[in-house]
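First the structure, in the form of structure tokens, and then the observations on it.
The values are calculated or read from the model by the stated rules, or taken from the named source; none is laboratory data. These numbers were taken from a predicted model, which means no experiment stands behind them. Here Cβ is always computed from backbone atoms with ideal geometry, including for glycine, and neighbour counts include all displayed protein chains. Just the protein is used for accessible areas: all its heavy atoms, side chains included, with ligands, DNA and RNA removed. Shrake-Rupley method; radii C 1.70, N 1.55, O 1.52, S 1.80 Å.
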Amino acid sequence: MSGRFLSTENLPFCKGCGHNIVSQNLEKALSAVPGLSPLDVIVVTDIGCIGIIDKQFTTHTVHGLHGRSVALAAGIAMALGNPKKKVIALLGDGGATIGLQHLMEAAQRNIPLTVIVHNNMLYGMTGGQPSGLTPRGFKTPIMPEGKPQNGYDLCKVLHAAGAPAVRRLLALGDFSAELTAAVQVEGFSFVEAVELCPSYGVKFNPNRKIDDIAREAGIEIGWWETPVPRTPFRAERHERCGSLLEREPSIAAQYSSPLTGRYTVVLAGSAGEGVQSAAEYLAQAAISCGLHATKKGSYPVTVGVGFSMAEIIISREPINFTGISEPDAVLVTSSDGLGKVRGIVEKMSKGALYLDASLDAPATKVPLVKHDFRGPLGGRSAVYVAITLMLNRTGVMPSEAFFDILQQKSLGKKLDFGKLRQVAE
Amino acid sequence: MNERRFIDNSRLIIEALAQAGADIFIGYPITPSNLLYLYASQRLPMVLPAPDEITTLQWMAGFSAAGKLPVTATSYPGLALMVESIGMATMMELPMVIVLAQRLGPATGTATGGATGDLLLLNGINSGGYPLPTLCISSPRDAWELSAKALHIADRLRTPVILLASKETVMTVQDVDTAALPPIERVTRRFYTGSGPYLPYAPEADGVPPLLPVGNDRYQVRLTASTHDQKGNLQHSTPEALANSRRLAEKVERNVADYTFYEWDEEEADALIVAYDVTAAAARDAAALLRAEGRRVSLFIPKTLFPVPPKYLDIVNRYQKVVIAEENLQGQYREILFGKAGRPGVRGVNAIGRLITPEEIAAEVRS
């Protein structure tokens, strides 16, 4: 039967294949949708026998990868966002097995598309291997003794995932009205058409009828519908913020620094104690002194546990290479931090080590400044005490420049600057 | 009047992509590209969190087929899962930009460690050797300009484009004079405007077939990942279909002069330093060190890494001594430029798990 949506009745499937029946029903189903033209339909096909039908459709067609047709169709449906356009994914039980995640995602989000799984209980094109939907006892060329466990119930899985309209039918006779209904669902609709592959299914399971196989395997024919329709997913366009660059305030040069060359700082402490933020604020303070600055972070993949280390370069000249071969100052506020920088400290031949008073000093050839960073303002402010002390001792830039930056942050409202000045003397 | 901001390149990349006309960011979490995802959520008109990397590329392909310009960001573990779908997008000729922030491998390696170890994979990302335009950033200015260029190339050549970076080049924060950044040109889409019938794979003079989105009301569109003729119908290996496949490589290669980006500072010198990505910064300092010693040295920073522009071979072959510095064990771009056999006078400076220093590069040039 040729028609408006299928250009020919000579479909490329084996004689007796259920794909022929489903395709002819789909033609009839689409013709029954009022006002629907072929260019309103986007058919997305998977790999496998069903994937060779594109040429016969007069609609838009997209033929992708094995198991991925539902995700590809979902992308198209979300991009179009047009209820007049019908996106239909055609795949087999093999493709559904490979791409189960994509079906779950489309069902859960209620993405407006129709998925038709042609479940002939095996991978037909590659020689009849069992799929996730193959029922117990069903025999295939690579498992002639029959599959030992039952297939999963895709309809119930997807309904549980949130699919509002799910139906399973036997690919026999005229079921076009059910497909018409599926295509007209506003959100996600799913149809599983149970078939028998004439090449491998019939050959390895002789004298078994499709309805008997389904009944014996407990494959339930029926509809699963959500009583209250859910709103179909739409990828909304948002008016986001303006320029990302302008979100980050520009820093005016309002302080000055005696620095003529480069000053490099390694700040090491514990994750969750503001090391990375403090390092950025120090760098921003340098910029407010008319200097250039970079900051690099190093930390384990865990969040809030272990060390956190930052490398800050402050320079009169623009900075290319952002690594620090030998720092001018190493500031350590916790044992986590000390563990990370011990090797650096032991190799230092210049600069100074600023160490929290609670820590045992490592072997070092450079001057050691021990100070209670953690006590006066707590562990989370230890980095600020350490940086302020370093600025006061070196004079590399005024600590007021650093305080000024801190006051612009939310942290600035909580920090006791009077005490910070006092304890960092 | 300058405007100095303390920002990372991730911010510049997303802002540039937004201004160039990226429609949507489809993301999933992976270090070190998380900042790109975060900024995209604050800036792009649409952002979709995908459940995994394969879905990401498939959704992007769907959006691209429907006429949108999608973007994502990943690192090697994610790229590995995307590869089959990138091949699909290459074959369907779907414009998109994939930002690849490299990290230390192999496998999951060190998520928060830098590296430039994915070049050999990128060089052969498509079965059969069909190259993808791959631009590599090595400075904030690159992050700004090349990101926008990547989107333009994707549209113009109707192809996925890789924007290559690494942990340091997307996460290190630096001061940038944002007032000095040039304006970004917005992409004007190259859509089919003819009077039909539409042949989705019939090329124009530059080898590129203009795209017509699926779902349009004018003409039928057929897209396929399988070997196909100009109509988009599956073919086994007909001359027309094979010519179409050959065209996929040709359109990228023959137009490379239009997107060949590099820095090359001195023609006359005794030695050439080659570096890209994060190591380019070390190479700049190394060149300055050597010049301060009175040595004649030239610096070459390739930014269009793939396909290798013919101009690069002309440049590197002018020098007896070529030192190529890169954060991988083998010297991946060295191998791509000179092959396994190498060439006398060509040397590598290589490291993993740390930055290569200017001193190391300078020492190799002196030796």
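Shown here is the pair-distance distribution of chain A: with all Cα-Cα distances grouped in 20 Å bins from zero up to the longest one, the shares run 23, 28, 19, 27, 3 percent. Shown here: the range B:5-81, whose C-alpha atoms stretch 36, 28, 15 Å along the first, second and third principal axes, sorted largest to smallest. Of the beta bridges in the range B:1-259, as assigned by DSSP with both residues counted there, near 25 percent are antiparallel. Angle check, please: helix A:18-31 long axis (alpha carbons) against the longest principal axis of chain A (alpha carbons), in degrees 0 to 90, nearest 10. So the inclination is approximately 80 degrees. Peptide A:42-54 has a mean shielding of 2, counted as Cβ atoms of other protein chains within 10 Å of each residue's Cβ.
Hey, got the average number of other protein chain Cβ atoms within 10 angstrom for residues in B:44-51?
5
Decide, for the range B:262-366, between rounded, prolate and oblate: order the square roots of the alpha carbon gyration tensor eigenvalues as a ≥ b ≥ c, take rounded if a/c falls under 1.5, and otherwise choose prolate if a/b is larger than b/c, else oblate. Rounded shape, in that the Cα axes give a/c under 1.5. On C-alpha positions alone, give me the angle between the axis of helix B:53-65 and the longest principal axis of chain B, in degrees, nearest 10. Tilt of helix B:53-65: around 60 degrees.
Local charge for A:Phe233 was computed over the other residues whose Cβ lies under 13 Å away, with Lys and Arg +1 and Asp and Glu -1, and equals 0.
Between the Cα long axis of helix B:76-92 and the first principal axis of chain B there is an angle of about 40°, rounded to the nearest 10.
Remark on A:Leu331: its backbone amide H falls under 5 Å from those of A:Val266, A:Leu267, A:Ala268, A:Tyr354, a criterion applied only to residues 5 or more positions apart or on other chains, H modelled at 1.01 Å from N. Heavy-atom accessible surface of A:Ser31, to the nearest 10 Å², is about 50 Å², with a 1.4 Å probe and all protein chains retained. Distance from the C-alpha centroid of the range B:283-343 to that of the range A:219-292: 35 Å, rounded to the whole angstrom.
Neighbours of A:Pro367 by Cβ distance under 12 Å: Lys/Arg scored +1, Asp/Glu scored -1, total +3. A simple count of charges around B:Gln42, restricted to other residues whose Cβ falls under 9 Å of its Cβ and scoring Lys, Arg +1 and Asp, Glu -1, yields +3.
Show B:Ile184, A:Ile312 ordered by accessible area, largest first, where the area counts protein heavy atoms only and the probe is 1.4 Å.
The ranking, largest first, comes out as B:Ile184, A:Ile312.
Ligands, DNA and RNA excluded, the heavy atoms of A:Cys197 present near 10 Å² of accessible surface to a 1.4 Å solvent probe.
Of the whole protein surface, B:Val346 contributes about 30 Å² of accessible area at a 1.4 Å probe radius.
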